[in-house]
Amino acid sequence: METTLIDRRKYPELDLILWDRAETFVAPDVAFRLYEERWRFVDHERLEDDERQLILELKKTHGHGHMLVA
């Protein structure tokens, strides 16, 4: 099965939380894990609709409907 990579440049908050990674494209499972781990650094007021939708889709497919955030 082919995995579609996520272009971090399309999602400003994802791009910011990937501060320590050089790749432009990330696997969805990696993006989900990093959203979970670094959720406290996400500016929720700056999330655009496309990124909110991405997070919901990642939560559904990789978090089984849940996202464990502090």
Quick one: in segment 1-33, of everything that is hydrophobic (A, V, I, L, M, F, W, C) and touching a strand residue (DSSP E or B) at 6+ places or on another chain (Cβ under 8 Å), which residue is nearest to residue 63 (Cα to Cα)? 31
Between a first residue in segment 44-70 that is farther than 18 Å from residue 3 by Cβ and a second residue that is of a type in the set (Lys, Arg) and surrounded by 12 or more Cβ atoms within 10 Å (Cβ to Cβ), which pairs have beta carbons less than 6 Å apart while being 6 or more apart in sequence or on different chains? 67/59
Flag for residue 34 being under 19 Å from residue 64 (Cβ atoms) and of a type in the set (A, V, I, L, M): yes
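Each reported figure results from applying straightforward, stated rules to the coordinates on display, with no laboratory input. Keep in mind that this is a model prediction, so the values were computed, not measured. As a convention, Cβ positions derive from the backbone with ideal geometry for all residues, glycine included, and neighbour counts pool all protein chains shown.
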